[in-house]
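Participant: Dropping a structure here in structure tokens format, bear with me for questions.
Read-outs throughout are calculated quantities, based only on the coordinates presented, and are distinct from any laboratory measurement. Only a predicted model underlies this, so the values are computations on that prediction, with no experimental measurement involved. Ideal geometry is used to build each Cβ from the backbone, glycine not excepted, and the neighbour counts take in all protein chains shown.
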Amino acid sequence: MGVQTSVTAVIPTFRPPKESLELVHMITRTVDRLLISDDASPCTADELLREASLIPGVDVVRHRRNEGIARGLNGGLALAHRRNAKWLLTFDQDTMVSETYVDSLVDM
């Protein structure tokens, strides 16, 4: 990141598409930490979530019950707070942004 700050990104997921890995790879190059909060996806998402968990700087939390997007976002906020993040940035699992997106926000 161009600006030295603490940014934690959160992606709440449910049955994430394969394209979500592109977003994960891009975001991890631009933030300090990334939390994927999965809302009880079926086993068909196991491989994608396992692959995401192997990326440095990524934490994957898998919930046992589907309780909605708010839990994923709230969990991310709590994690960011515990890690003293200055900024919290949320994305949908199908979001696509440029590699300069986070820096442009922080520079504002």
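Participant: Distance between Cα centroids, the stretch 14-31 to the stretch 43-108: provide it in whole Å.
Facilitator: 9 Å
Participant: May I ask you to evaluate 6.51 cos²θ - 1.76 cosθ + 1.60, the Karplus curve with θ = phi - 60°, for each residue of the stretch 24-34 and list the ³J(HN,Hα) values in order in whole Hz, giving x for glycine and proline?
Facilitator: Each residue's phi maps through the Karplus curve to give 4, 4, 5, 5, 5, 7, 10, 10, 7, 9, 9 Hz.
Participant: With labels modelled as points extended 7 Å from the Cα through the Cβ direction, what inter-label distance (nm, one decimal) is found for Ser98 paired with Glu47?
Facilitator: Output for this residue pair reads 3.4 nm.
Participant: Go through Ser98, Pro42, Leu23 and say which Cα lies farthest out towards the positive end of the charge dipole of the chain; charges sit on Cβ, +1 for Lys and Arg, -1 for Asp and Glu.
Facilitator: Checked the options; the winner is Pro42.
Participant: Continuing with the same structure: How large is the dipole of the stretch 1-69 about the Cα centre if only Lys and Arg carry +1 and Asp and Glu carry -1, each at its Cβ, rounded to the nearest 20 debye?
Facilitator: I would put it at about 80 debye.
Participant: Now for a separate question. Amide H neighbours of Thr90 under 5 Å, counting only residues 5+ apart in sequence or on other chains, H built in-plane at 1.01 Å?
Facilitator: The answer is Val10.
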